[in-house]
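Beneath this line is the structure, given in structure tokens, with notes to follow.
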Amino acid sequence: MAAKLRKGDTVLVLAGKDKGAQGTIISVDPKAGKAVVEGVNMAVRHTRQSQTTQGGRVPKAMPIQLSNLALIDKDGKATRVGFRMEGDKKVRFAKTTGDVIDA
């Protein structure tokens with residue numbers, strides 16, 4: 001299946017403890033169907049002190065299901081993603097506006 005959400009996309013969280021939050025996708029794991037979004041689904045990880053880093057409680061963004069994310073279009077609204085052919089190239093487009101997401 002083609003990737004509807006990619007690294008660098010701005011998304012809205014539709015469900016879960018961070019519902020309504022917006023962020024940028026840092027990484028996507030298509031096999032697990034999850035993505036890590038900046039500032040969303042934060043968990044505290046305890047790290048041991050080393051010679052290079054200070055130890056303590058470090059907040060870390062954890063993966064969230066792709067089905068709980070919606071792409072934000074140029075109007076700032078959540079939209080679904082579709083695919084279409086423009087010439088000989090397959091492009092993603094926003095279903096709400098019909099605009100191409102990545103040129």
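Most fluctuating residue of THR52, THR24, THR79 in a GNM of the chain with Cα springs under 10 Å: which is it? Taking springs between Cα atoms under 10 Å, the residue moving most is THR52. Hey, in the GNM for the chain with a 10 angstrom Cα cutoff, which one of GLY16, GLY76, GLY56 fluctuates hardest? The residue with the greatest mean-square fluctuation here is GLY56.
Ordered from longest to shortest, the equivalent ellipsoid semi-axes for region 10-73 are 26, 12, 10 Å, each the square root of 5 times a Cα gyration tensor eigenvalue. Can you tell me the relative contact order of region 20-60? Whole percent, Cα pairs under 8 Å, sequence separation 6 or more. It rounds to 29 percent for region 20-60.
Descending by average beta-carbon neighbour count within 10 Å, the peptides 29-41, 90-102 line up as 29-41, 90-102, the highest first. Going from the residue with the fewest nearby Cβ atoms within 10 Å to the one with the most, LEU71, LEU66 rank LEU66, LEU71. Based on C-alpha pairs under 8 angstrom that are at least 6 apart in sequence, the chain has a relative contact order of 21 percent. Taking other C-beta atoms within 10 angstrom as a stand-in for reagent exposure, ILE25, ILE72 fall in the order ILE72, ILE25, fewest first.
With a sphere of radius 14 Å drawn around the Cβ of GLU86, what net charge do the other residues whose Cβ falls strictly inside it have (Lys, Arg +1; Asp, Glu -1)? Write out the running numbers ahead of the final one.
Values: positive: ARG84, LYS89, LYS90, ARG92; negative: ASP88, ASP99, ASP102.
Surrounding charge for GLU86 is +1.
Coordinate-derived values only; no laboratory data. Note that the coordinates shown come from a computational prediction; the quantities given were computed from them, not determined experimentally. Cβ atoms come from the backbone with ideal geometry, glycine included; neighbour counts cover every protein chain shown.
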